Amino acid sequence: MSLFPKQRKLHSSRRAFTLIELMIVVFIVLLLAAISLPTVRNLLKDGRSAHQARQVVTILREARSRAIATKSEVGVLFDRLGTTNDFLRSTSLQMRMSNSVPPYAGESAAARAVLFHDPPANTGNAQVATLTATGPTNAAFFTAADCPLLYLSAVNGAGANQPIGVFDRLELQGGRSVVMIRMLAVAAADSMGMGDGTKVIFDPRERLFDSQSSAASTTLPTVAFPGSIQQRSSSTAVRFKIHRKPNVSMVGGLTLLKGMAIDLNYSGIGPAGVQLSQFVIAPGATPTTDVNCGGVAIVFAPDGSVAYMNYGVNVAGAVVNSVEHPPSNIYLCLGRLDGIRPDSLYDTTNKPPANIMNLESSWIVINPFTGRIQASPSASVDASTLAGGGLGALSSAVLQSRALAFQSDKLSKY
């Protein structure tokens, strides 16, 4: 007879889970995980996309606020990833801030701009042929003695990274501004007795394309806005200011989250605009052609509106920079990096699909008149309307995808 019968009974009553019971528990856990994980994954994806959109909008709003606070122009630059193939030309992963520099008014109290009409046939020549030609005022001469920085910039080449260059704005006496489209260093022998200096070509009717890459683009356009041409008497000398382009800052930018990108294939101005797409800028380029389509700069004015945009355009088959006063909203497509499909713009067979076909994509919308910036969801695109292909189908696709952005819908969780 044992001396510890109760204790032996207690030990015999203990038992573990059987293998069958453990398998049932594991099965239940796996079943619950299979049901809940897709939902959790979608929530995480939505949160990531919304967070990225919020960051992009924040940087743009910061630039606008800085422009208002400093009473100067501040911009945001979207760099393309590269030039050597169609994927790199379509992609932007980085936003950089740019800060304004003080306007240039010469380096002596006597600095003046001598305004005159330069005949179209002479605008590409480094000379002042006449100061008495009749026609719209489209040129100005600045002496090197009073404006040495401008002269050195012209000598070194307007296409280089100079302190003053094409697309800077020349403010004439009275507050009117025109865009400088050409700078030429003129020797004293070719300046009608005014000495060494710089001839600046501009368009009084605000043609904003770079004329240096195409002789045909130096002629004045036939359509003018606001419709008036400023014309002064011969050799009028006036005070001036040159408002220089903002310089890119080394701080204050944003690198997009891993796997996210600005898809420039679908970005542009207006309800169906795709002006920033490589297919508009370089329509004849093959997927492996090395073409520099240029970055995209959005510059805010001191009143908070968009002062201008700078991006590449196609002029007579060549890609040149342009300055544009946006006539409508600016739309930037924010999507996935692996959803950038220049080879198949409307692809739905892969995961993820092309960004225009993916409802997880969003639109960054900028109103150029008020400076209002927001992120809007992407609407569905009817694939049956894209059968024709080409730029017409691309415009139709973005028009449908921007439907919610037109209604000022905001991105959920934004």
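Here are some notes:
- A simple packing score, the average count of other Cβ atoms within 10 Å per residue, orders the peptides 119-130, 319-330, 287-298 as 319-330, 287-298, 119-130, with the highest score first.
- Least to most buried among Leu264, Leu149 (fewest other Cβ within 10 Å first): Leu149, Leu264
- Using the Cβ of Leu150 as centre and a radius below 15 Å, the other residues enclosed give a net charge of +3, where K and R count +1 and D and E count -1.
- Cα centroid separation, segment 125-204 to segment 366-414 (Å): 42 Å
- Segment Ser65-Ala109, length gained on full extension (0.36 nm per residue, minus Cα span): 12.5 nm
All of the numbers you see were taken from the coordinates with simple rules; none came from a lab. Note that the coordinates shown come from a computational prediction; the quantities given were computed from them, not determined experimentally. We place every Cβ from the backbone using ideal geometry, glycine too, and count neighbours over all the protein chains shown.
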